[in-house]
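*Asks:* My questions all concern the structure below.
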Amino acid sequence: MSRILVVDDSPTELHVLRTMLEKHGFQVSVAEDGEQGVAKAQAEKPDLILMDIVMPGINGFQATRRLTKDAATASIPIVMISTKDQDTDRIWAKRQGAQDYITKPVTEAELLEKINGALAR
């Protein structure tokens, strides 16, 4: 069973993603901002991280950059999930170390496809 850390400042989004993931047998932990996401990733070493971009404090780009530059967490795949749907956002996410990118609202099929793809790498 894969462990997934969901980092998002929206309680609604956390609930929706957690429900989808648990239905498919994933173990889910959550963080409500980038700082907490980095700390939880370092402590729990999840198999994958779903990272929102727009959050208070450090944003998802900054959190992703921190995690991919830290030897202890660099191998954890990160999939960005955001309402930002510009090509520049996708490019910037990849430059920060994200493996993939999903635009909200997330469909269950796309979420599972991106997770399975990132875990298979």
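*Asks:* Of the conditions (1) modelled with pLDDT of 95 or more; (2) more than 13 Å from the chain's Cα centre (by Cα), residue 56 fails just one. Which one is it?
*Replies:* (1)
*Asks:* Suppose the filter is of a type in the set (S, T, N, Q), crowded, with 17+ Cβ neighbours inside 10 Å and closer than 17 Å to residue 104 by Cβ; does residue 12 pass it?
*Replies:* So residue 12 does not fit the description; no.
The rows are residues; the columns are (1) within 16 Å of residue 8 (Cβ to Cβ); (2) in contact with a strand residue (DSSP E or B) (Cβ under 7 Å, 6 or more places away or on another chain); (3) at pLDDT below 95.
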| site | (1), (2), (3) |
| --- | --- |
| 73 | no, no, no |
| 98 | yes, yes, no |
| 109 | no, no, no |
| 120 | no, no, yes |
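*Asks:* Can I ask one more? Quick one: which of 81, 49, 91, 58 is aliphatic (A, V, I, L, M), within 13 Å of residue 9 (Cα to Cα) and not in a loop (DSSP other than H, G, I, E, B)?
*Replies:* After applying the criteria, what remains is 81.
*Asks:* Something else about it: Find all pairs meeting these conditions: Cβ atoms under 9 angstrom apart; at least six residues apart or on different chains; first residue within region 101-120 and closer than 20 Å to residue 60 by Cβ; second residue among the small types (Gly, Ala, Ser).
*Replies:* Note: pairs meeting the criteria are 101/82; 101/93; 102/82; 103/82; 104/82; 115/2; 119/2.
*Asks:* Return the only residue of 76, 81 being free of Cβ contacts under 8 Å to residues at least 40 places away in the same chain and closer than 16 Å to residue 118 by Cα.
*Replies:* 76
*Asks:* Considering region 74-102 alone, what residues qualify as being among the polar types (S, T, N, Q) and under 20 Å from residue 21 (Cβ atoms)?
*Replies:* Within region 74-102, 82, 83, 99 qualify.
Condition check ((1) surrounded by fewer than 17 Cβ atoms within 10 Å (Cβ to Cβ); (2) over 13 Å from residue 65 (Cα atoms)) across all residues:
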{"site": "79", "(1), (2)": "no, no"}
{"site": "84", "(1), (2)": "no, yes"}
{"site": "94", "(1), (2)": "yes, no"}
{"site": "101", "(1), (2)": "no, yes"}
{"site": "105", "(1), (2)": "yes, yes"}
{"site": "111", "(1), (2)": "no, yes"}
{"site": "115", "(1), (2)": "no, yes"}
{"site": "118", "(1), (2)": "no, yes"}
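*Asks:* A further question follows. Being of a type in the set (Ser, Thr, Tyr), more than 16 Å from residue 7 (Cα to Cα) and more than 10 Å from the chain's Cα centre (by Cα) narrows it down to one of 68, 107, 103, so name that one.
*Replies:* Within the list 68, 107, 103, the selection yields 107.
Residue-by-condition table, conditions (1) surrounded by 15 or more Cβ atoms within 10 Å (Cβ to Cβ); (2) within 14 Å of residue 79 (Cα to Cα); (3) in contact with a Leu (Cβ under 9 Å, 6 or more places away or on another chain); (4) among the acidic types (Asp, Glu):
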{"residue": "20", "(1), (2), (3), (4)": "yes, no, yes, no"}
{"residue": "26", "(1), (2), (3), (4)": "yes, no, yes, no"}
{"residue": "29", "(1), (2), (3), (4)": "yes, no, yes, no"}
{"residue": "33", "(1), (2), (3), (4)": "yes, no, no, yes"}
{"residue": "37", "(1), (2), (3), (4)": "yes, yes, yes, no"}
{"residue": "52", "(1), (2), (3), (4)": "yes, yes, no, yes"}
{"residue": "57", "(1), (2), (3), (4)": "no, no, no, no"}
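The values are calculated or read from the model by the stated rules, or taken from the named source; none is laboratory data. Predicted, not measured: the structure shown is a model, and the values here were computed from it. Note that we place each Cβ from the backbone using ideal geometry, even for glycine, and neighbour counts take in every protein chain shown.
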